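What follows is a single structure, written as structure tokens, with notes after it.
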Amino acid sequence: MFTKINIKYYYSISYLFYNFSYFIFLFIVSKFLSLTQWGEISLLLLIALYSNILTLGVSNGFSINLPYNIAKDDKYKIEALYSIIWISILYIVFIYFILSFLLDKFYIKNHIILFSLYLISNYILLIMRIIARSYNDYKTLGLAYLFQAIILFFIILNFIYFDFKNVFLSLSLSNIIAIVILTITHKYKFLIKIHYNPKVFIELIMIGMPLLIAGILYSLLLGVDRFLIKEYYGIEDVGIYAFASLFFKINMVLITLVNTIFYPRIIKSYAKNNFDEIIKLSKLQQWYSSLLVVISSIFIFLIIKFYLFDLFPKFSSASSIIFIFLITTVIYPFSLYTTYLTASGNQKKYMYIMFISFIINILLNIYFLSNAYPLYFVAYSTFFSILFNVIAIRFSTIHLFKHKGHV
């Protein structure tokens, strides 16, 4: 019998196991592909991330509205939310297929079906995870991550030849397995009756779109550098920078793990106007994230110093970039009240902060690249823009709490 604490541990281990297998998969891809091919793969994965703008923010609004209305026990609203999500999936299937067709025609050839499958499976899996997380069903979430990891490990063991098709087919298969697991084991009944409510749809867009734009700006903040590097330096330097960014993502996975556990609890506390609980949970979220990232960074530093470039000699010039990224992830959790800012009707303020951070990053990138600075200076652009982001979010949320008389 699982206790609540055991379930959280089980979920955390499964989540880390999946991401561990995912990063091993990407490291193996980067080792066996040429720098040019690896650079192109990293750009396609970024395009997949930025394509979320086509979802209109529905999933972002859903991730806030569903746990909020579960806490309020508003069954009518919950049913309307489910209905809009099922409609959005039909829309996404169509729009992502069109996007893949355009990429196939104008960017990279012969991957239209597999790239479409990857994009669509990503969106459906995101929705299923939001539903399970909103009901605190971490046992099911953990099981899905566990099966995804097992599938990826089998793929890793059997991979001999790497090309675009195999990469996206592998990621799509792991997504589909997780979708099946979440569907057949989820203990809450999925509402499949279509009950379209324009008011709820507009509410989802109004809440979700600023969050989505902020998320896209955040992704651009961490990814636009690769597009600029391609224009100024070439695709091989994109490959080197993308390899270094994997270590940034490893630490961000740990931060996301902590956020995933605390996010629904903070939103439900907000629904009950329990601001003392919000402050307590936000501080726990910050310190757990910081502790995990510091431990991870020390471990990564030791691996880089003694082993990494013996295994990946073609990426030896990435060491300075990796160290700058590790320092950046250490300061990232100290924004403190990001979840409260996004849950309390201040999504636009969050979006504006992300926009300014993005502008700082892109201006620094253009300056460093146009003046032919070494590649690691591009990582400094990320560091300074994230530093501004952390300071701005922290002061904005503390100001909100003071205004409400809770700080």
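Inside region 24-37, residues that are out of contact with any helix residue (DSSP H, G or I) (no Cβ under 6 Å at 6 or more places or on another chain) and not aliphatic (A, V, I, L, M) make up a count of 5. Scanning region 338-356 turns up no residue that is modelled with pLDDT of 85 or more, under 27 Å from Phe227 (Cα atoms), part of a helix (DSSP H, G or I) and touching a Ser or Thr at 6+ places or on another chain (Cβ under 6 Å).
Considering the conditions (1) out of contact with any Phe, Trp or Tyr (no Cβ under 6 Å at 6 or more places or on another chain); (2) at pLDDT 90 or above, Phe368 is excluded by exactly one of them, (1). Contact annotation: residue pairs with Cβ atoms under 7 Å, 6 or more positions apart or on different chains, pairing a residue in region 116-127 that is without any contact (Cβ under 8 Å) to a residue 40 or more places away in the chain with a partner that is buried (at least 21 other Cβ atoms within 10 Å of the Cβ) and part of a helix (DSSP H, G or I), are Ser116/Tyr96; Ser116/Ser100; Ile120/Ile92; Ile120/Tyr96.
Between Ser289, Ser219, the distinction of being modelled with pLDDT of 75 or more, of a type in the set (Gly, Ala, Ser) and surrounded by 16 or more Cβ atoms within 10 Å (Cβ to Cβ) belongs to Ser289 only.
The rows are residues; the columns are (1) surrounded by 16 or more Cβ atoms within 10 Å (Cβ to Cβ); (2) touching a helix residue (DSSP H, G or I) at 6+ places or on another chain (Cβ under 7 Å); (3) of a type in the set (Phe, Trp, Tyr).
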{"residue": "Lys280", "(1), (2), (3)": "no, no, no"}
{"residue": "Ser296", "(1), (2), (3)": "yes, yes, no"}
{"residue": "Ile300", "(1), (2), (3)": "yes, yes, no"}
{"residue": "Ile303", "(1), (2), (3)": "no, no, no"}
{"residue": "Tyr307", "(1), (2), (3)": "no, no, yes"}
{"residue": "Phe312", "(1), (2), (3)": "no, yes, yes"}
{"residue": "Ile321", "(1), (2), (3)": "yes, yes, no"}
{"residue": "Leu326", "(1), (2), (3)": "yes, yes, no"}
{"residue": "Ile331", "(1), (2), (3)": "yes, yes, no"}
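The values are calculated or read from the model by the stated rules, or taken from the named source; none is laboratory data. Not measured: the values here are computed from a predicted model. Please note: Cβ atoms are built from the backbone with ideal geometry, for glycine as well, and neighbour counts cover all protein chains shown.
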